[in-house]
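To keep things clear, I will list the structure first and then write my remarks on it.
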Amino acid sequence: MLEACHGRIRKFCQNLIRLVSHLELEGNCPDAMQSAANILRYFDQAAPAHHHDEEEDLFPALKEAIKGDSEEVAVLSAMARLEAEHSRMYNDWQAVRQRLKALSEGFSIALNHDGVATRFAMNYLQHAKEEEELVYPHAARLLNAAQLAVISGQMVARRQVA
């Protein structure tokens, strides 16, 4: 489920990059307004749930499962760094969010005036790649089926509440 979320994250990051280009060439239009609204909705709703999945469920379970060999200690370090990146990405998102909201309402503004929209998208793409390479394989190896089922159940419940 986490990797499927990353697939959607990639899609919306790529849509954001395309929207930046479109706005620079064509300006705001009904299609751009809809694209802005779709990106806004995804990163306001689904992306925060994904971060909670990792921070509240996956990372704690994986930390508990790690026994201390050098490879696993590196996973702890990666998880700490990736979790800190969630906060930085959230801050960038707030700047992008306000601009997307204005665009979705029909205003013509510079989405990427200071590069924040492109930076947000590129950082998020890199972040997802690193989670998949540095953390997820260890979760698959160290967590048993029962643990993964509990995590999955928590993720499903989180989305039902949202």
Scanning region 61-91 for residues that are of a type in the set (D, E, K, R) and part of a helix (DSSP H, G or I), the one modelled with the lowest pLDDT turns out to be GLU71
Looking at HIS51, is it within 13 Å of the chain's Cα centre (by Cα), free of Cβ contacts under 8 Å to residues at least 60 places away in the same chain and under 23 Å from ALA145 (Cα atoms)? yes
Per the filter on region 49-101, residues of a type in the set (A, V, I, L, M), surrounded by 14 or more Cβ atoms within 10 Å (Cβ to Cβ) and under 22 Å from ALA117 (Cα atoms) are ALA49, LEU82, MET89, ALA95, VAL96, LEU100
How many residues of region 102-132 are in a helix (DSSP H, G or I), open to solvent by less than 60 Å² (accessible area, probe 1.4 Å) and either under 11 Å from ALA36 (Cα atoms) or aliphatic (A, V, I, L, M) (or both)? The answer is 8
Every listed condition ((1) open to solvent by 30 Å² or more (accessible area, probe 1.4 Å); (2) part of a helix (DSSP H, G or I)) holds for ASN28 save (2)
Does VAL135 qualify as being more than 26 Å from ALA32 (Cβ to Cβ), surrounded by fewer than 16 Cβ atoms within 10 Å (Cβ to Cβ) and among the β-branched types (Val, Ile, Thr)? no
Contact list, first residue from region 141-162 and touching a residue at least 40 places away in the same chain (Cβ under 8 Å), second anywhere and surrounded by 10 or more Cβ atoms within 10 Å (Cβ to Cβ) and not hydrophobic (A, V, I, L, M, F, W, C), beta-carbon distance below 7 Å, six or more apart or interchain, is ILE151/ASP57; GLN154/ASP57; MET155/ASP53; MET155/ASP57; ARG158/HIS52; ARG158/ASP53; ALA162/GLN45
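The values are calculated or read from the model by the stated rules, or taken from the named source; none is laboratory data. Since this is a predicted model, take the numbers as computed values, not measurements. In this analysis, Cβ positions are derived from the backbone assuming ideal geometry, glycine residues included, and neighbour counts consider all displayed protein chains. The area values use the complete protein model at the heavy-atom level, side chains included, leaving out ligands, DNA and RNA. Shrake-Rupley method; radii C 1.70, N 1.55, O 1.52, S 1.80 Å.
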